[in-house]
Amino acid sequence: MPAASPIYNFLVRRNYVFLGVIFAGAFGFEMAFDKGSDRIWDSLNKDRQWKDIRAKYVQDADGDDE
Amino acid sequence: MLARSCLRSTRIVGAVRTVAVNTSKRAASTASAAEASPFRLNMAGGAATAVAIGSIGWYYHLYGSDLHAMTPVEEGLHPTAYPWVHTKWTKTFDHQALRRGFQVYQEVCSSCHSLSRIPYRSLVGVTHTVDEAKAMAEENEYDSEPNDEGEIEKRPGKLSDYLPSPYKNDEAARAANNGALPPDLSLIVKARHGGIDYIFNLLTGYPEEPPAGAVVMEGLNFNPYFPGTGIAMARVLYNELVEYDDETPATTSQMAKDVTEFLNWAAEPEMDQRKKMGLKVLAISSVLFALSVWVKRYKWSAIKTRKITYNPPQAGRHGRGSH
C-alpha cells in the first residue's frame with residue numbers, strides 16, 4: 001500500500017489506537033450481532049413466545065413482570 | 001468345531017480321491033482335459049457358484065440376523081414420530097401450549113405425579129405472570145424456618161418454592177398406587193426412550209380394551225407403548241376433561257400434546273438459549289471458515305500459479321558453458 005488511506009492512518013498507524021479500535025469493534029459487533037439474531041429469532045417465532053401472549057394475562061399495567 | 005473340521009477332512013479325502021481317479025483315467029485313455037465338453041464345464045461352474053451362494057445364504061440365515069434378548073412385547077411398541085414444531089432448529093415452544101400444558105399437569109397429572117424440580121418462579125415469564133404465579137404459590141403451605149421456640153410452622157408458598165409433590169415420599173406414593181411408583185415428571189422427557197413421541201403415544205395409546213390374547217395382570221392396564229404393555233396408570237385423558245381458559249377444544253390428543261410440550265419445557269427450559277447460541281455459532285464459524293479458505297488460496301496462489309521451465313541442452317554442441 002504505497003499511499004496509505006486516511007482511514008488507515010487514523011485507525012491503525014498508532015498501536016494504542018489500533019488496540020482500542022479492536023476492542024470497540026468487538027464490543028459493537030457483538031451488540032449488533034446479538035440484537036440482529038434476536039430479531040431474526042423473534043420473527044421466526046412470531047406468536048409463539050411469552051411476550052406475544054403476555055398482554056392477555058396481565059391485569060394491571062405494572063411493568064415488573066417479565 | 002470338531003464336527004466341522006471332520007467334515008473338512010472328509011471333503012479333502014474325497015477331493016484327493018477324485019483327483020486320483022481323474023489322473024488314472026487320463027493316463028489310461030490319454031484324453032486331454034481340454035477336450036471336456038463346454039456344457040459339462042458350464043455345469044460344474046454353475047454348480048460351484050450355486051453351492052457358494054447357497055452356503056453363504058445358509059450361514060447368514062444361521063448367524064447373520066440380530067439377536068433380541070427381549071421380545072417385542074417387552075420392548076414396547078415403537079412410538080410414532082410426530083412433526084413437533086418446537087423440535088425444529090429455529091423454533092421455540094408454543095408458550096400458549098405450555099400454559100395449557102401446565103393446566104393439564106395441575107388438574108390431572110399432579111394428583112399422582114410430582115414435578116419437584118420446577119419452582120414457581122420458573123413459570124414466570126414462560127406460562128404465567130408474576131401475580132398469577134404468586135397466587136398459585138400461596139395456595140400451598142410449606143414448612144417455615146424454626147421460630148423462637150424451635151417449632152416449624154406452616155407458611156404460604158412463595159415464588160421460590162418448588163411445586164408441591166402429591167406424596168410425602170416414594171414409599172407413600174407406592175403404598176397409594178398398588179406398589180407402582182408414579183415417576184417424577186421434571187425430566188421424564190429426557191428419561192424415556194422416544195422422548196416426547198413416547199409420552200404422547202403413551203397418553204393417547206390406551207385401547208378401548210386389550211387385544212385378544214394379551215395378558216393383563218390384576219391392577220394393571222394395557223398400553224402397547226409401555227415396555228411390557230402392563231402399566232399401572234390407567235387412561236386419564238378423556239375429551240373435555242379440563243376446560244382451557246383460551247377456549248381451545250380440550251380433546252384427548254390436544255391435552256396430551258399440550259402436556260407433552262410442557263413436560264419438554266420442564267426438562268429443557270434452556271432450549272431457546274441453546275438454539276439461539278447454536279445458530280450464532282454456526283453463523284460466525286461459517287464466516288470464519290470461508291475466510292480461512294480464502295486466506296489459504298491467497299497464500300498458495302503464488303505456489304499454485306508458478307511455472308517451472310526446463311531448457312534441455314541443445315544437441316550437437318559439446319563442451320561446457322554452451323549457453
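Laboratory data are not the source of any read-out in this text; all were calculated from the coordinates shown. What you see is a predicted model; the values in this text were computed from it and never measured. Using ideal geometry, Cβ is built from the backbone for each residue, glycine included, and neighbour counts are taken over all protein chains shown.
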- Query: So how strong a dipole does the stretch A:6-52 carry about its Cα centre when Lys and Arg Cβ are +1 and Asp and Glu Cβ are -1, to the nearest 20 debye?
  - Reply: 240 debye
- Based on other C-beta atoms within 10 Å, arrange B:Asp258, A:Asp34, B:Asp272 from fewest to most. A:Asp34, B:Asp272, B:Asp258
- Task: For the pairs B:Lys134/B:Lys190; A:Lys46/B:Lys91; A:Lys46/B:Lys134; A:Lys35/B:Lys134; A:Lys35/B:Lys88, note any where the Cα-Cα span goes beyond 20 Å.
- Result: B:Lys134/B:Lys190; A:Lys46/B:Lys134; A:Lys35/B:Lys134; A:Lys35/B:Lys88
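I need B:Lys158, B:Lys275, B:Lys88, B:Lys257 ordered by Cβ neighbour count within 10 Å, fewest first.
Numbers: B:Lys158 15, B:Lys275 18, B:Lys88 11, B:Lys257 22.
Exposure proxy ranking, most exposed first: B:Lys88, B:Lys158, B:Lys275, B:Lys257.
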- In nanometres, what is the gap between the two model label sites at A:Phe10 and B:Leu241, each 7 Å from Cα along Cα-to-Cβ? 6.8 nm
- Length-normalised contact order for chain B - Cα pairs under 8 Å, 6+ apart - percent: 19 percent
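Taking beta carbons within 10 Å but only from partner chains, what does the mean come to for residues B:124-131? It would help to have the intermediate numbers written out before the result.
Working: counts 3, 6, 2, 3, 4, 10, 5, 7.
Mean shielding by partner chains, rounded to a whole number: 5.
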- Query: On full extension of the chain, what length is gained from B:Ala81 through B:Glu268, given 0.36 nm per residue of separation minus the C-alpha to C-alpha distance?
  - Reply: 65.4 nm
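Is chain B best put as rounded, prolate or oblate by its Cα gyration tensor, with a ≥ b ≥ c the root eigenvalues, rounded for a/c under 1.5, and otherwise prolate when a/b is larger than b/c, oblate when not?
Oblate is the answer for chain B, as a/c is 1.5 or above yet b/c matches or exceeds a/b.
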- How long are the semi-axes of the ellipsoid equivalent to the stretch A:6-52, from square roots of 5 times the Cα gyration tensor eigenvalues, in whole Å, largest first? 38, 9, 5
- Message: For a Förster distance of 56 Å, can you work out the FRET efficiency between the beta-carbons of B:Phe289 and B:Leu181, rounded to the nearest 0.05?
- Response: 0.65
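If each residue's Cβ is checked for other Cβ atoms within 10 Å, how do B:Ile152, A:Ile53, B:Ile231 rank with the fewest at the top?
B:Ile152, A:Ile53, B:Ile231
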- Note on the structure: Between B:Ser144 and B:Tyr310, the two model label points (7 Å from Cα along the beta-carbon direction) sit apart by a distance in nm of 9.8 nm
- Set of aspartates and glutamates with alpha-carbon distance to B:Lys276 below 17 Å, sequence-local pairs under 8 removed: A:Glu30, A:Asp34, A:Asp38, A:Asp42, B:Asp94, B:Glu268
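Take every residue in peptide A:40-47, count the Cβ atoms of other chains within 10 Å of its Cβ, and give the average of those counts.
4
Cα gyration tensor of the protein assembly as shown, axes a ≥ b ≥ c as square roots of the eigenvalues: rounded (a/c below 1.5), prolate (a/b > b/c) or oblate?
oblate
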- Task: Could you pull out every whole DSSP H run in chain B that spans at least 20 Å of Cα extent along its own axis and averages 0.0 or higher on the Kyte-Doolittle scale?
- Result: B:2-29, B:38-63, B:271-305
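Is the shape of the stretch B:85-218 rounded, prolate or oblate, going by the alpha carbon gyration tensor and its root eigenvalues a ≥ b ≥ c, with a/c under 1.5 for rounded and a/b larger than b/c for prolate? Don't skip to the end; give the middle numbers.
Values: a/c = 2.72, a/b = 1.34, b/c = 2.03.
It is oblate, given that a/c is not under 1.5 and a/b is not larger than b/c.
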